[in-house]
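Inspection log for the structure reproduced underneath, given as structure tokens.
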Amino acid sequence: MTTAALPRVPGDRDPRVSPLRRVTGSPALRLVGKRLLMAIPIMLGVTILTFWVLSLIPGNAAQQLLGAEASPEDVAQLEEQLGLNESGVSRYLSWLGNALHGDLGNSLVSRQPVSEILADRLPVTGELVLLAFVVSLLLAIPVALLAAHKPNGLMDRISMMISTLGLSVANYVLALLLVLVFAVTLGWLPAIGYVPLSDGLWANLKTMILPSAAIGLPLFCFYTRFLRGDLVDQLQQEEYVTTARAKGVGSWQVLLRHAFRNSSFGLITVVGLNLGALIGGTVIIEQIFALPGVGQMLLQAINTRDFVVVQAAVVIFALVAVLANLVVDLMYAVLDPRIRYGSR
Amino acid sequence: MAVADTPLQVAENPAADQDDAVPGGRRWRGQLGLWLPGGAIVLIVVACFLGPALLGLPKPVGGSVLESYLPAGSPGHLLGTDPNGNDILSRLLHGGRASLFIAATVNIVGLVVGGTLGALSGYAGGAVDTVIMRILDVLIAFPSLVLTLAVAQALGPSIRNTILALAFFSIPAVARVARSAVLRLRGQPFMAAAELCGTPAWRVLFKHLAPNIAPQLITFAMLGMGIVIIIEGALSFLGLGIPAPAPSWGNMVADGQLSLSATPMLVVWPSLALLLTVLSFNLLGENLRSRWSGR
């Protein structure tokens, strides 16, 4: 038998393949490359769609800035100053050119550079989303494991009931409910407002607990249901579970070391896909709790026709969604040897 | 005992739970899971559309300030009145009309347009598939709330524009479900038979594929009803859905927020209505889904 008859797996430890080739030819890297290439048309599409949708909105920033009584000449002059009188296509192309150089332009209303505004606001939204994710996952994983340990047991039924209920609550309703209980009735936490992290961790957390709970609780319900379902599927259908049990491995061991390791893939995917949707959901929560984040900025910008800021926010949101998917793919490649060595 | 006697049955259905040991036990529970939320939905729809007339409720708008903040149980106002002196029960039921009407219309548009696009994409494959799916990818990557906010702003808040804005968001999701359902059917013998008979593509799509993917799509639409009701509420909450004096559950919650500490019931009633309706649709959708995936 000659070596030529063997299937050549890229990235295989073949001494004749140079180390560089081994890295560039790795299926995981190729997958990431393919995803990155696919992300480009999606990002272009999103930005074009935003420009088009925004151009449909009647009234522009010049009119908004000068008020309804302004003379048409003044409005026209300001429009020219802000570059609003150019055609949509040329405005888009010049915006794109600047954006590719990292310049997202200046706010039409405050004239502040958008990058500065984002630097103020992104940390707030970032903290909100991060806290929501951490809390929901820290709760969901143990609850789902307990529920899956005895399907249809008491713990399973209770957790499924709570999570079905939790998934049917709108986050704005939940937010008000939390305010009603913890701020109005008990008076433990502030109802609205934001204290930056620089004013102390506890002071900051006190303002973030209720908003992140309003986002995190429905997520917790979703993850619990998802992980529990996946774990039960693994336990009932997979042969490796039967093998492990036949070897006499304890039920918790099978659940934790075998089923959960495989189920974590599904969970990672769902978390990644969620991130895009979630960041859009922060708009209403930031509005309710008066948090100065990206969502609140977006809402204000839409109201004042500050399209430069709207465009920037949409780009950020879409970029986060696309990057989250990319990270999910990467984690797959790292965790699953079948993908790492391209045998799928 | 029963399990040991019927090893074949157990092997066929590894997900069987305890109730299978009792004949009819699972069936009864399954039926309850279908009829309870289904009945609740029928009840809610009847209450919202016929309730105000049957109960002779006052109009949901144009109340007198003299009658504002009446407590629950006041004569003629079962749930009391809001700061403008409008009957809360009447506003709840009228608000429900708007929510249900919008959600139903959005889902029908999503089913028809998204279903057709998705089925076409899955059936045709090749370039058609690529083009349709890439366009839908863009729509999915686009933050849906931004789009709906922008459309609502562009066209002004009204029921019609809310439907338009939300339909944008439901189409790509339905299309994906339809496409994957069609892809699964593509290898089936009946599809090959239809093609060998020279059946035109439109006929294959509507006569052969549509009935087969309909159950999946309708199940998805049930879950979609809950989502649309919540998002419509969010839009109205932000003042971009149903315009102010007319009631909707979303704007009732938003109005109630202003006096949350003094009169929390103004928020609680519409919240309960939202929760109950969305929960019923979710339970119904889940039940239908487990039926379809179980067999």
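The values are calculated or read from the model by the stated rules, or taken from the named source; none is laboratory data. Everything numeric in this text was worked out from a predicted model, so none of it was measured. So basically every Cβ, Gly included, is an ideal-geometry build from the backbone, and we count neighbours across all protein chains shown. Just so you know, the surface numbers come from the protein's heavy atoms only, side chains and all, with ligands and any DNA or RNA stripped out. Shrake-Rupley method; radii C 1.70, N 1.55, O 1.52, S 1.80 Å.
Quick check on B:Arg176: is it more than 14 Å from chain A (Cβ to nearest Cβ) and open to solvent by 30 Å² or more (accessible area, probe 1.4 Å)? Let's see the steps before the verdict.
On the way: more than 14 Å from chain A (Cβ to nearest Cβ): no; open to solvent by 30 Å² or more (accessible area, probe 1.4 Å): yes.
Taking the combined requirement at face value, the residue does not satisfy it.
Within the set of pairs 6 or more residues apart or between chains, which connect a residue that is of a type in the set (S, T, N, Q) inside region A:137-159 to a residue that is open to solvent by less than 20 Å² (accessible area, probe 1.4 Å) and at pLDDT below 85 with Cβ atoms less than 6 Å apart?
From residues that are of a type in the set (S, T, N, Q), the pairs are A:Ser159/A:Ala147.
Name the one entry in B:Ile140, B:Ile135, B:Ile227 that is of a type in the set (A, V, I, L, M, F, W, C), over 30 Å from B:Ala254 (Cα atoms) and open to solvent by 50 Å² or more (accessible area, probe 1.4 Å).
Values: B:Ile140 fails: over 30 Å from B:Ala254 (Cα atoms); B:Ile227 fails: over 30 Å from B:Ala254 (Cα atoms).
So the residue among B:Ile140, B:Ile135, B:Ile227 that is of a type in the set (A, V, I, L, M, F, W, C), over 30 Å from B:Ala254 (Cα atoms) and open to solvent by 50 Å² or more (accessible area, probe 1.4 Å) is B:Ile135.
Can you find even one residue in region A:241-257 that is surrounded by 13 or more Cβ atoms within 10 Å (Cβ to Cβ), more than 12 Å from every other protein chain (Cβ to nearest Cβ), outside any loop (DSSP other than H, G, I, E, B) and in contact (Cβ under 8 Å) with a residue 60 or more places away in the chain?
Looking through region A:241-257, at least one residue is surrounded by 13 or more Cβ atoms within 10 Å (Cβ to Cβ), more than 12 Å from every other protein chain (Cβ to nearest Cβ), outside any loop (DSSP other than H, G, I, E, B) and in contact (Cβ under 8 Å) with a residue 60 or more places away in the chain.
Please state which of the following conditions B:Ser259 fails to meet, knowing it meets all the rest: (1) crowded, with 23+ Cβ neighbours inside 10 Å; (2) under 17 Å from B:Asn84 (Cβ atoms).
Status for B:Ser259: all satisfied but (1).
In region B:198-250, how many are more than 14 Å from chain A (Cβ to nearest Cβ) and without any contact (Cβ under 8 Å) to a residue 40 or more places away in the chain? Break it down stepwise before answering.
Initially, region B:198-250 is screened for residues more than 14 Å from chain A (Cβ to nearest Cβ), giving B:198-221, B:242-247.
Now drop any that are not without any contact (Cβ under 8 Å) to a residue 40 or more places away in the chain, which leaves B:198-200, B:202-203, B:206-208, B:211-212, B:214, B:244.
Count: 12.
Quick check on region A:289-321: of everything there that is open to solvent by 10 Å² or more (accessible area, probe 1.4 Å) and farther than 20 Å from A:Asp103 by Cα, which residue is nearest to the other protein chains (Cβ to nearest Cβ)?
Only one residue fits best here, namely A:Ala321.
Would you call A:Leu210 open to solvent by less than 10 Å² (accessible area, probe 1.4 Å) and not acidic (Asp, Glu)? Walk me through it before giving the result.
On the way: open to solvent by less than 10 Å² (accessible area, probe 1.4 Å): yes; not acidic (Asp, Glu): yes.
For A:Leu210, the condition - open to solvent by less than 10 Å² (accessible area, probe 1.4 Å) and not acidic (Asp, Glu) - is met.
Take A:Leu219 and decide whether it is within 26 Å of B:Met225 (Cα to Cα), more than 11 Å from chain B (Cβ to nearest Cβ) and surrounded by fewer than 21 Cβ atoms within 10 Å (Cβ to Cβ).
Working: within 26 Å of B:Met225 (Cα to Cα): yes; more than 11 Å from chain B (Cβ to nearest Cβ): yes; surrounded by fewer than 21 Cβ atoms within 10 Å (Cβ to Cβ): no.
It is false that A:Leu219 is within 26 Å of B:Met225 (Cα to Cα), more than 11 Å from chain B (Cβ to nearest Cβ) and surrounded by fewer than 21 Cβ atoms within 10 Å (Cβ to Cβ).
Restricting the search to region A:178-208, which residues are within 27 Å of B:Ser259 (Cβ to Cβ), free of Cβ contacts under 8 Å to residues at least 24 places away in the same chain and in a helix (DSSP H, G or I)?
Residues satisfying the conditions are A:Leu180, A:Val181, A:Val184, A:Thr185, A:Lys206.
Given the conditions (1) at the interface with another protein chain (Cβ under 10 Å from one of its Cβ atoms); (2) over 21 Å from A:Met297 (Cα atoms); (3) open to solvent by less than 40 Å² (accessible area, probe 1.4 Å), which single one is not true for B:Phe168?
Going through (1) at the interface with another protein chain (Cβ under 10 Å from one of its Cβ atoms); (2) over 21 Å from A:Met297 (Cα atoms); (3) open to solvent by less than 40 Å² (accessible area, probe 1.4 Å) one by one, B:Phe168 breaks only (3).
Condition first: buried (at least 23 other Cβ atoms within 10 Å of the Cβ), touching a residue at least 60 places away in the same chain (Cβ under 8 Å) and within 11 Å of chain A (Cβ to nearest Cβ). Now tell me which residues in region B:275-295 satisfy that.
B:Thr277, B:Ser280, B:Phe281
If you take the residues of region B:191-202 that are farther than 23 Å from B:Thr130 by Cβ and surrounded by 12 or more Cβ atoms within 10 Å (Cβ to Cβ), which of them is modelled with the lowest pLDDT?
Taking the candidates together, the pick is B:Thr199.
Please indicate, with yes or no, whether at least one residue in region B:163-172 is over 20 Å from B:Ile229 (Cα atoms) and touching a residue at least 60 places away in the same chain (Cβ under 8 Å). Explain how you work it out, then say what you get.
We begin by selecting, within region B:163-172, every residue over 20 Å from B:Ile229 (Cα atoms); these are none.
No, the conditions are met nowhere in region B:163-172.
So, in region B:179-190, how many residues would count as being in a helix (DSSP H, G or I), open to solvent by 50 Å² or more (accessible area, probe 1.4 Å), in contact (Cβ under 8 Å) with a residue 24 or more places away in the chain and farther than 17 Å from B:Thr219 by Cα?
Number of matching residues: 1.
May I ask you to say which residue of A:Gly59, A:Gly102 is within 14 Å of chain B (Cβ to nearest Cβ) and at pLDDT 65 or above? Please lay out each step first, then the result.
Values: A:Gly102 fails: within 14 Å of chain B (Cβ to nearest Cβ).
Sole residue among the options that is within 14 Å of chain B (Cβ to nearest Cβ) and at pLDDT 65 or above: A:Gly59.
So, B:Phe142, is that one within 14 Å of chain A (Cβ to nearest Cβ), touching a helix residue (DSSP H, G or I) at 6+ places or on another chain (Cβ under 8 Å) and either more than 23 Å from B:Phe237 (Cα to Cα) or without any contact (Cβ under 8 Å) to a residue 12 or more places away in the chain (or both) or not?
On the way: within 14 Å of chain A (Cβ to nearest Cβ): yes; touching a helix residue (DSSP H, G or I) at 6+ places or on another chain (Cβ under 8 Å): yes; either more than 23 Å from B:Phe237 (Cα to Cα) or without any contact (Cβ under 8 Å) to a residue 12 or more places away in the chain (or both): yes.
Yes, satisfied.
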